[in-house]
Structure formats: structure tokens, C-alpha cells
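Enquirer: Supplied in C-alpha cells, the structure appears directly below.
The values are calculated or read from the model by the stated rules, or taken from the named source; none is laboratory data. This structure is a prediction, so every number in the text was calculated from the model and none was measured. A quick note on method: Cβ atoms are made from the backbone with ideal geometry, for glycine too, and the neighbour counts reach across all protein chains shown. Accessible surface is based on the protein model in full, side chains and every heavy atom, while ligands, DNA and RNA are left aside. Shrake-Rupley method; radii C 1.70, N 1.55, O 1.52, S 1.80 Å.
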Amino acid sequence: MITHAHGDHARPGSASYLCAAPCEPLLRRRFGAECTIESISYGHELTVGDVRISFHPAGHVLGSAQIRIASNDGVWVVAGDYKRAADPTCAPFEPVRCDVFVTESTFGLPIYRWDPTVTVIADLAEWWQANRDAGRTSVVFCYTIGKAQRLLAELMHVTDRPIYVHGMMLGMIDAYRQSGVTMLPVAPVIERTGRKQSHTFAGELVLAPLSARGTPWMRRLGEISDAFASGLMRVRGVRRQRGYDRGFVLSDHADWPALLHTVEETGATRVLATHGYAEPLARYLRERGFDSGVIRTAWEGEPTGD
Ligand SMILES: [Zn+2]
Ligand SMILES: [Zn+2]
């Protein structure tokens, strides 16, 4: 059972997969057509052995789900990655009552608090305009599943210009469009290079995956200013250390207040934290009377889609 299509959750090597319906096309792109993938609609209940299973929206990326597992012993909810902020590219998080709640904790520290998305997008638009005035190309690095599409949808409020994207991003943007998500038109960066030399990307906004940073692909963009769109950018030291000109604090994960609020809303008495700052979150909840602990997973790297 897969909560969503990010690489730290959708792991290859299983005989078959079960996911929420809107996640299926993304998983197929990731795993290939020959992989056995089944999906069920949000809220639909499936009996597997002694338990009843259902998927509920997690508001993280398209098709992301919390997995509810109910048996005579009670109800568990495994949230996967989730956020509470509105996102035009996916169904909003739905609180699900449970006895045991397995929560992510990517940003499980009190320093992580998000500004309203509209503020972040306004900052980005202003930065883009300043770069245009200076004849520079604006490059925003972001994750290929979720963040890129969210930016393309949110930017519709401030522009109708097409956005240039790295070729690696086209597949997933296409998958989102086919699922009915409305976004700005995009063009691959490569197309423009075939034309007259007088064509440059100066003044344009380009979205690129982190893996493209510092590669020869960047050269065709001319003089650039670069930025990273991620919750990680909340911490100035991280931004400086990674050498981005700008950081836009736009996350697809719950911030600290949202984590605590969500735990309360589930009504769970036992809370298990995983993924990120699991120890600090579990400790905080323990001090507030929850039976809480940490679940370690095979994945110990930096989470994707943050
Ligand atoms: Zn994750
Ligand atoms: Zn994720």
C-alpha cells in the first residue's frame, strides 16, 4: 500500500501495489507499465484478511493518501506525508478519527511555521520581475512531483506567461494535466535553443529539478538568479549553506502548528512519529500526555517533496 508517488515512499520491488485512484497514473510513470498497480477511490473500503482498509486525502501531492486500517483491535491511520495548507493540485487533507495515528514529522520542530501561500507567491513574482528588469533568467529549483505543479497552478494568480521547465519535469506535469489539474502553459527549455541566437531566456521563469543544478544544462539559460522552493528554506543558514540567491518557503508538509492540530483532530491517544524530526515531536507529545513513540524506516535521507 502506497501513500503517494514520491521516491522515499513509492519503493520499487513489490509484486503488486495498492494506492488511491489519483495516485495510480503517477505510480505507473514511476514504476513502468508492466508493474501490477491497483487503486481504489478515496473513502472506499476494502477487506484484506482481517482488516478493512481505506484511503483518505492527505493534501500532500496529487493522489496522496492516509491509509486507514480498521480491525476488531481498533483503528490505525498511517498518514504518510501530509499538509493542511490549501493546494489547487490535490484533494484537501481529511481528518480521520483513529486510535493510533502514525504521523510524519519532516518539519517537527517549533521553528517551522509557514506563511500563507499567497504571500510566498507574491514574493516570488516580485523577485521574478526584478530579475526581468535586470535582464536575468529566474530559475526556481523544486521537486518534480507536487511542488512544480503547485507553483504552476498558484502562479496563475499573478501571470499568464508560459513557464519554461526542464525536460525531466514534462512527464509529471502532463500526468497532472491529464488528471484535470489546471496550470500555466509550459515549454521545455530545449525548444528555444534551436532558434536564432538572439532568443534568450532573459526575463523568463524556469522551473528545474535539483539534479539539474550546476550541470551544463544551466549554461543555455544565460545570466541567472536562482532560488529553491522548499520548507527547508525557513532556516537562513540552510539557504546560505546551499548557496541559493533566494529561498521561497513553500512546503508540501505540515508545519509545527499543523502537526499538533492534526494529532488533536484525529482523537488518537497513541501517536507514532516517523520521517524527519520524529524524536522531538514524539517527546513533545509524550510531555502532553500522549502515548507516543518513533517508527524508524529504511529511509533515512532527506525527504523529497519538502
Ligand atoms: Zn516523504
Ligand atoms: Zn512526499
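Enquirer: For segment 157-171 and segment 57-123, what is the centre-to-centre distance using only Cα atoms, to the nearest Å?
Expert: 26 Å
Enquirer: Determine the per residue accessible area of segment 102-152 with all protein chains present and a 1.4 angstrom probe, expressed in square angstrom. Show your work: numbers first, answer last.
Expert: Numbers: 1690 Å² over 51 residues.
Dividing the accessible area of segment 102-152 by its residue count gives 33 Å².
Enquirer: Using alpha carbons only, how many degrees (0 to 90, rounded to 10) separate the axis of helix 256-266 from the longest principal axis of the chain?
Expert: That works out to roughly 40 degrees.
Enquirer: A further question on this structure: Output needed: Cys residues of the chain lacking any neighbouring Cys C-beta below 4.7 Å, sorted by number.
Expert: 35, 90, 98, 142
Enquirer: Can you tell me which of 277-285, 71-79, 148-156, 30-38 comes out highest on packing, and rank the rest after it, using the mean Cβ neighbours within 10 Å? Write out the running numbers ahead of the final one.
Expert: On the way: 277-285: 20.1, 71-79: 16.9, 148-156: 22.7, 30-38: 12.9.
Highest to lowest by the protection proxy: 148-156, 277-285, 71-79, 30-38.
Enquirer: Considering all alpha-carbon pairs of segment 199-306, what whole percent are spaced by more than 24 angstrom? Intermediate results must be reported in sequence, preceding the final value.
Expert: Numbers: 2534 of 5778 pairs.
Pairs farther apart than 24 Å: 44 percent.
Enquirer: Please give me the summed charge of the neighbours of residue 51: other residues whose Cβ is under 15 Å from its Cβ, Lys and Arg +1, Asp and Glu -1. Let's see the in-between values first.
Expert: Working: positive: 52, 68; negative: 45, 50, 73, 99.
Charge balance near residue 51 sits at -2.
Enquirer: Give the calculated FRET efficiency between residue 15 and residue 160 to the nearest 0.05, with a Förster radius of 41 Å applied to their Cβ-Cβ distance.
Expert: Efficiency, rounded to the nearest 0.05: 0.35.
Enquirer: Here's something else I'd like to know. Any idea what angle helix 278-287 forms with the longest principal axis of the chain, computed on alpha-carbon atoms, 0 to 90 degrees, nearest 10?
Expert: 50 degrees
Enquirer: Another one. Using the Kirkwood radius over C-alpha pairs as Rh, can you work out the diffusion coefficient of segment 21-80 via Stokes-Einstein at 20 °C, viscosity 1.002 mPa s, in µm² per second? Walk me through the intermediate numbers first.
Expert: Values: Rh = 12.4 Å.
In µm²/s, the coefficient rounds to 173.
Enquirer: Relative to the Cα centre, what is the charge dipole magnitude of segment 240-292, using +1 at the beta carbon of each Lys and Arg, -1 at the beta carbon of each Asp and Glu, and rounding to the nearest 20 debye? Provide the component values of the computation, followed by the final result.
Expert: Numbers: 7 positive and 8 negative charges, 49 e Å.
Here the size comes out at about 240 debye.
Enquirer: A follow-up question, please. Projected area of segment 64-119, taken from the Cα convex hull and averaged over every viewing direction, in nm²? Mind showing how you got there, number by number?
Expert: Numbers: hull surface 19.1 nm².
Across all orientations, segment 64-119 yields a mean hull projection of 4.8 nm².
Enquirer: Dipole of segment 8-167, Cα-centred, from +1 at each Lys and Arg C-beta and -1 at each Asp and Glu C-beta, to the nearest 20 debye? List each step's numbers first, then the result.
Expert: On the way: 15 positive and 18 negative charges, 65 e Å.
Approximately 320 debye in magnitude.
Enquirer: Among DSSP beta bridges lying fully in the chain, give the percent that are antiparallel, nearest 5. Present the calculation step by step, with values, prior to reporting the outcome.
Expert: Details: 14 of 49 bridges.
Here the antiparallel bridges make up roughly 30 percent for the chain.
Enquirer: Against the longest principal axis of the chain, how steep is helix 117-133, in degrees 0 to 90 to the nearest 10, with axes from Cα atoms?
Expert: 20 degrees
Enquirer: If you don't mind, there's one more thing I want to ask. What number results when the radius of gyration of the chain, computed over Cα atoms, is divided by 2.2 N^0.38 Å? Don't skip to the answer; put the middle values down first.
Expert: Numbers: Rg = 20.1 Å, N = 306, 2.2 N^0.38 = 19.4 Å.
Against the compact-globule rule of thumb, the ratio is 1.04.
Enquirer: Among 163, 47, 119, flag the residue with its Cα farthest along the positive direction of the charge dipole of the chain, charges on Cβ as +1 for Lys/Arg and -1 for Asp/Glu.
Expert: Farthest towards the positive pole: 163.
Enquirer: Net charge near residue 115, counting Lys/Arg +1 and Asp/Glu -1 over other residues with Cβ under 11 Å of its Cβ?
Expert: Numbers: positive: 113, 234; negative: 123, 255.
Around residue 115, the surrounding residues sum to 0.
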